[in-house]
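> Have a look at the structure that comes next, please.
Throughout, read-outs are computed from the coordinates displayed, never taken from laboratory work. Note that the structure is predicted; figures quoted are calculated from it, not measured. Because the Cβ atoms are built from the backbone with ideal geometry, glycine has one as well, and the counts that use them run over all protein chains shown.
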């Protein structure tokens, strides 16, 4: 792909600062999550009529050609998380060792990553820029996961999805997930075009996926309970380990049950870190951080700071950098865009990006108790930033 965020062209001081801090930038040195479905399209022999880098992506991932492909996207299971807790995953463990991880997006969060996964375009082209975003025009916070206070999905995310592209070539695409996601805003923004099959338990989703693969085409299976366990208990918890073990058992059954010759690719949207409460700031209680900031969007690991009219972005950037020190990488919108952090940025997307953009390091967070719910402030596992735990995602081929 020629889009900056998927071709590893983040450059300049931002790249240097990230490297010095041990951070992972989208697509730098590795393929990005957005190359998965172009690789799948190439494996299925689809001519999309546009160069999305499919053959190169397929070769890098190691995906064979096939008339049936199953993509399993496991929410919140980063490559490093999985590697460090692989004792709970005897089926995946040996296959992980021979695989090459991909990078998530920035922010490394579900809505952003799913936008790039589903559309094969960096966040600068999808407008999917965080858990929450400031909506131009209204100026309100919109939620890209629940799609609360957002314009219609196809108005917000305007590009064709990869599922739409594949269906247009005559390939059958089935998406398997919970009933509440059928027709949801996030589904319509990132994954529209597939035939949707509702199934609640993981076992039921595996069964539905196997049924869909009785005919050639692509089946996409989403599972979110490992991410849920991580948010509530931390990815180092026994609950997270149990959720991973359940996933591993069902993936083994999936591999045994699909028709011969089916290629399975297991990936994720992002990984996770456990929050360090000793390195947490609340904008509502920190006057230096609140100064000149009109609205905080994004999430506690990746923040978009929208400033009051007339405020100096360089001054706010400097203040936040002084307060947070080694716990954050702080840049302005102009710098982030120019250096490729969000890929090529469409004109309409630019004002969705904060005047100042903050990526937290280590396990630090910045919250804003004026707009965030008490439940969100109590999360143990978090993600969104550029650490390896958050950014590296698996690309495990089972064929």
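> To the nearest 10 degrees, how steep is helix 313-324 against the longest Cα principal axis of the chain, on a 0 to 90 scale?
Taking the Cα atoms of the chain, the angle to 313-324 is about 80 degrees.
> A follow-up question, please. Can you work out the FRET efficiency for the pair residue 149 and residue 47, with r the C-beta to C-beta distance and R0 = 35 Å, to the nearest 0.05?
Efficiency computed from Cβ-Cβ geometry: 0.35.
> Report the extension gain between residue 179 and residue 285 in nm, rounded to one decimal, defined as 0.36 nm multiplied by the number of residues separating them, less their alpha carbon distance.
Gain in length upon complete extension: 34.2 nm.
> Is the C-alpha gyration tensor of region 277-374 telling us rounded, prolate or oblate? Criteria: a/c under 1.5 is rounded; beyond that, a/b larger than b/c is prolate, otherwise oblate.
prolate
> Oh, and also: Nearest 10 degrees is fine. How inclined is helix 110-119 to the longest principal axis of the chain, computing both from alpha carbons?
The angle comes out at about 50 degrees.
> How high is the FRET efficiency from residue 93 to residue 19, r the C-beta distance, R0 30 Å, rounded to 0.05?
The calculated FRET efficiency here is 0.50.
> Then there's this: Residue 164 versus residue 377, label points 7 Å from Cα toward the beta carbon: distance in nm?
In this crude spin-label approximation the distance works out to 4.0 nm.
> Here is a follow-up. To the nearest 10 degrees, how steep is helix 238-257 against the longest Cα principal axis of the chain, on a 0 to 90 scale?
Between the helix axis and the principal axis of the chain, the angle is about 30 degrees.
> Any idea how far the Cα center of region 233-271 sits from the one of region 368-399, in Å?
Comparing the Cα centres of region 233-271 and region 368-399, I get a distance of 18 Å.
> With Rg and Dmax of the Cα atoms in Å as the read-out, I listed (1) 19.9, 63; (2) 23.4, 72; (3) 22.2, 68; which label goes with the value calculated from this structure?
Answer label, from the structure shown: (1).
> In nm, to one decimal, how far is the modelled label at residue 252 from the one at residue 228, with both set 7 Å along Cα→Cβ?
Distance between the two pseudo-spin positions: 2.4 nm.
> Just for the chain, what percent of DSSP beta bridges are antiparallel, to the closest 5?
55
> Taking neighbour counts of Cβ atoms within 10 Å as a proxy for exposure, in what order, fewest first, do 356, 349 appear?
In increasing order of surrounding Cβ atoms, one gets 349, 356.
> Let me ask another. Rank these for me by crowding, 33, 166, going from fewest to most other beta carbons within 10 Å.
Lowest count first: 166, 33.
> Which residue fluctuates the most in the chain, going by a Gaussian network model with Cα springs under 10 Å, if the choices are 120, 189, 350?
Result: 350 has the largest fluctuation of those listed.
> Beta carbons within 10 angstrom, averaged per residue: use that to sort the peptides 301-310, 93-102, highest first.
Averaged packing, sorted descending, gives the order 301-310, 93-102.
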